[in-house]
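Worksheet: one structure, shown below.
The values are calculated or read from the model by the stated rules, or taken from the named source; none is laboratory data. In this text, all values refer to a predicted model and were calculated from it rather than measured experimentally. Here the Cβ positions follow ideal geometry from the backbone for every residue, glycine too, while neighbour counts run over all protein chains shown. Surface accessibility is based on the protein's heavy atoms, side chains included, excluding ligands, DNA and RNA. Shrake-Rupley method; radii C 1.70, N 1.55, O 1.52, S 1.80 Å.
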Amino acid sequence: MALTALICDDSLLARNQLKKSLPSVFDADIITASNGVEALSILRAREVGLVFLDLTMPELDGVGVLEAIKADAMDCLVIVVSADIQPEMQKRVMELGALAFVQKPATADKLADVMHKYGLI
Amino acid sequence: MTELHFTDVQRDCLQELVNVAMGQASDKLARYLGTFVHLQVPAIALVEAALLSQHFASRYQQQSATLVSLGFFGDQGLRGETIMLYQLANVGVIAQLLGYSDDAVSEAEMLTDISSVLTTTFLSGLAEQLENSFSYAAPRILSSRDQYFADKLAYTAEQWQLALQVDIRYQLTDYSFNCDMILLIPGEAVLRLRQTLDNILADF
């Protein structure tokens, strides 16, 4: 069974950009959420192997999602894809258990690099 | 008159480009100030330039504000002017943080420096995503601690057609620092911008 990957971003452009930039060899069912609350309800309802997570979002931001994933010990990998590129923010999300940090805009090269590095493709 | 309307999809696209550019500007500002900057989603609004001064006069009430302007010029008619509006409640704290002395000349210098860091980083980030490149005029102060700043804003806005208002709320670690950024662009640049947004959208 193919892996399910969740793209969580409040911007339609960012979701489409990311979806289109995923490596073609990455075999996964892609689903999307447009804020943190939506993402958590999906994560609680079904098995998701990998999350591409934006940070600055309305309702519940990416840091909030990471905290909930950690608190509930959910079994999914998280790649943060964000425009907030301050070193302190990167450090914070890594401490909260993110696998990697990708600076927006998420290009095919950047995604392929990081996914290859962590054996996802 | 150029039709100023943007579709929802074009607006979402522009909002995301602004977010990415603003992330880069915040990072630069954080390094400049030596502190962490809490980044909120900047709210954008597209309005007719002529309605701008009224909006800010009522938002800032009777408070005085300092306005700093920076012109930018890109390829294919994409050009305009950014205006940073500063309410001055926290200026003293920032001056202290950055080691500027506590007088009017230093305050003007500091706000010019901050404007320069914020707007050039922001605009460069935006230009890169629009596959354009901008050159910049030197920043200049339009109005300093002026209660009647709205008149000067109206005078400046008169030369342009569309205003992209970007509300910036920077929450620094220990205090908040609010400023507003306005991008003023002429009608032909509006058409150019919309065309570029459509090209970006067509790719995805």
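Taken over the stretch B:90-106, the residue count meeting the criterion of being without any contact (Cβ under 8 Å) to a residue 40 or more places away in the chain and either farther than 21 Å from B:SER143 by Cβ or not aromatic (Phe, Trp, Tyr) (or both) is 10.
The helices (runs of 4 or more DSSP H) falling completely within the stretch B:6-108 that include 1 or more residues that are surrounded by fewer than 17 Cβ atoms within 10 Å (Cβ to Cβ) and at the interface with another protein chain (Cβ under 10 Å from one of its Cβ atoms) map to B:8-33.
Taken across the stretch A:6-28, residues that are within 14 Å of another protein chain (Cβ to nearest Cβ) and among the aromatic types (Phe, Trp, Tyr) do not occur at all.
Within the stretch A:28-42, the presence of a residue that is at pLDDT below 95 and open to solvent by 50 Å² or more (accessible area, probe 1.4 Å) is excluded. Determine, yes or no, whether B:THR112 is modelled with pLDDT of 90 or more and closer than 17 Å to B:LEU142 by Cα. Yes; evaluated as a whole, the condition is true for this residue.
Only residues that are open to solvent by 10 Å² or more (accessible area, probe 1.4 Å) and out of contact with any helix residue (DSSP H, G or I) (no Cβ under 9 Å at 6 or more places or on another chain) were counted in the stretch B:109-125, giving 3. Of all the numbered requirements in (1) out of contact with any helix residue (DSSP H, G or I) (no Cβ under 7 Å at 6 or more places or on another chain); (2) open to solvent by less than 60 Å² (accessible area, probe 1.4 Å), A:ASP72 misses one, and that requirement is (2). When residues in the stretch A:70-100 are screened for being closer than 16 Å to A:ILE7 by Cβ and touching a Ser or Thr at 6+ places or on another chain (Cβ under 8 Å), 2 of them pass. Would you pick out the residues in the stretch A:96-117 that are under 18 Å from A:LYS70 (Cβ atoms) and either touching a residue at least 40 places away in the same chain (Cβ under 8 Å) or away from chain B (no Cβ under 14 Å) (or both)? Those that are under 18 Å from A:LYS70 (Cβ atoms) and either touching a residue at least 40 places away in the same chain (Cβ under 8 Å) or away from chain B (no Cβ under 14 Å) (or both): A:LEU96, A:GLY97, A:ALA98, A:LEU99, A:ALA100.
Note on the stretch B:135-161: residues that are surrounded by fewer than 20 Cβ atoms within 10 Å (Cβ to Cβ), within 16 Å of the chain's Cα centre (by Cα) and of a type in the set (Phe, Trp, Tyr) total 1.
Among the residues of the stretch A:106-121, those that are open to solvent by less than 40 Å² (accessible area, probe 1.4 Å) and closer than 17 Å to A:ASP9 by Cα comprise A:ALA106, A:LEU111. Please verify whether A:VAL93 is more than 26 Å from B:ARG11 (Cα to Cα), within 14 Å of chain B (Cβ to nearest Cβ) and within 12 Å of the chain's Cα centre (by Cα), treating the condition exactly as stated. For A:VAL93, the condition - more than 26 Å from B:ARG11 (Cα to Cα), within 14 Å of chain B (Cβ to nearest Cβ) and within 12 Å of the chain's Cα centre (by Cα) - is met.
Checking the structure you have, find out if any residue of the stretch A:69-84 is at positive phi, more than 14 Å from chain B (Cβ to nearest Cβ) and not polar (S, T, N, Q). Yes, some residue in the stretch A:69-84 is at positive phi, more than 14 Å from chain B (Cβ to nearest Cβ) and not polar (S, T, N, Q).
With the condition kept exactly as written, say whether any residue in the stretch A:81-91 is at pLDDT 95 or above, touching a helix residue (DSSP H, G or I) at 6+ places or on another chain (Cβ under 6 Å) and either buried (at least 18 other Cβ atoms within 10 Å of the Cβ) or not small (Gly, Ala, Ser) (or both). Looking through the stretch A:81-91, none of the residues is at pLDDT 95 or above, touching a helix residue (DSSP H, G or I) at 6+ places or on another chain (Cβ under 6 Å) and either buried (at least 18 other Cβ atoms within 10 Å of the Cβ) or not small (Gly, Ala, Ser) (or both).
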